[in-house]
Amino acid sequence: MPRINQAQRPAFLLATASSLKRLVALRRIEVLTQAMVLVLAVAWLKIPLEVVPMTAVIALLAAVNLWTQWRVDTGGPCSPGEVFGHLAIDVGFLAVLLYFAGGSANPFVSLFLLPPTLAAAMLPARYAWAMATLTLLAYTFLMFWKLPLPPPQGDLAQIDELLARATGIATEHIAHGSGFALHVLGMWLNFVISVGVVVVFLTRMAAALKERERELAAAREDALRNEQILSLGTLAAGAAHQLGTPLGTMAVVIRELELNHGGNAELKEDLLLLREQVDRCKQTISQILASAGQERVESQRSLALDAYLHRLLDEWQIIRPHALVSVTLHGEQPAPLIAADRTLEQAILNLLDNAADANGASSEALRFSAQWDADICRIEILDRGPGLDGESAQRLGEAFFTTKAETRGLGIGLFLTNATVERFGGKVELFNRDDPQGGACTRVTLPLNRLKA
């Protein structure tokens, strides 16, 4: 069996703890079944068994299961050896009960097949083989050392009649004192118990494996997305370094034009706008190239949620001075304090840019609304663009998929936005507005416990 590395070990131990939890549930069934069979054997069939020691064994097994339940409730991982030990305890208790009830001649002796089956399903191979060896030793021991199973003292006429109907053997050919009918009944009951336990356990194990596969698939998708984000981050850092020189040149040229044409009011206004945009680009590049520690200290200053959103919108209006936006903020006051990362701010700015691009030449302003309570902040951005078609609705959020072919969009804005919002435990939804005039709605849901200062 391949060795488990240190990175896999915590998850493996948690999976073993889950197996122990299932074992506790199965042991409850085991204890109830053993008690029921003992009561039926003594009260109905009137078999003179050693009731006191057998009852004590069942009670002790119930006590062990209660302790194991407490162990499971306390949480924490457990080792495969611990699960093996519990299976070995079950084998030992079953062997003691069978010792007082005929040993290997008892039809319930085939219950020794269940522990190796469970060990093979839950534990590494070496534990399964060890459990097979242990049950074989217990079975062999009961072949030579056991108390004989006393014949039933009650009337077996009804059982014999039932057996005759099932097998087609005449009732007079079945010896009442031979215990054959009792043995057949025990085999049937043993089969019912074994089938029930195996089916219940294996179906739950199969469901757990499917859930595990889903988690692994999600983890692989997250790893792939993180690789894409890392690649984009590397490219962004390189682009930021290369753009510094041309932006500096543009700033110098704009300054010279302002000095040479300061008297032209119309040109001066355009130059002012150009200078603001160049300064904005230089600021963005500085943020990309800033060290992670400095960026975190600067960007995570505590702000009230409403003040944070107003500052965000003011910053966006500098980027898109000609875009019209209607703002509505609702929530409990005073608004909760948050310390949002700069990446979240950039994600919301990306969504505002997308909505403004979709709005196009529409005369109606964008609608930006935010509602919050103590736990959740929900932001909605509504535009009057063409909305989403079928393919766009399915592929939005994929890397390098864009609906801005005419403007040569790169298809990474919404991808990075999704990744950023999900990192804070939120989600982004895009859907068409339920409005005859058309348009789309972008909804961002953020849990505030991940943002509070």
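Across Y308, Y127, the residue with the most accessible area heads the list, and the full order at a 1.4 Å probe is Y127, Y308. Heavy atoms only, probe 1.4 Å: what % of the accessible area of region 15-102 goes to carbon and sulfur, would you let me know? Of all accessible area on region 15-102, carbon and sulfur atoms account for 76 percent.
Once the 1.4 Å probe is applied to the protein heavy atoms, region 22-150 comes out at 49 Å² accessible per residue. With the alpha-carbon atoms of region 337-389 aligned to their principal axes, the span from lowest to highest coordinate is 37, 22, 22 Å, starting with the largest. Estimated at 0.36 nm per residue, the fully extended path between H261 and A365 surpasses their Cα-Cα distance by 34.0 nm.
So if R0 is 51 Å, what FRET efficiency would Q333 and S194 give, r being the distance between their Cβ atoms, rounded to the nearest 0.05?
Rounded to the nearest 0.05, the efficiency is 0.20.
With each label modelled as a point 7 angstrom along the Cα→C-beta vector, the R214-A374 pair spans 3.2 nm.
If I stretch the segment between A323 and T203 completely, what's the gain in nm (0.36 nm per residue apart, minus their alpha carbon distance), one decimal?
Value of the extension gain: 37.4 nm.
The values are calculated or read from the model by the stated rules, or taken from the named source; none is laboratory data. In this text the structure is predicted, and so the values were computed from the model without any measurement. A quick note on method: Cβ atoms are made from the backbone with ideal geometry, for glycine too, and the neighbour counts reach across all protein chains shown. Side chains included, ligands, DNA and RNA excluded: accessible areas come from the protein's heavy atoms. Shrake-Rupley method; radii C 1.70, N 1.55, O 1.52, S 1.80 Å.
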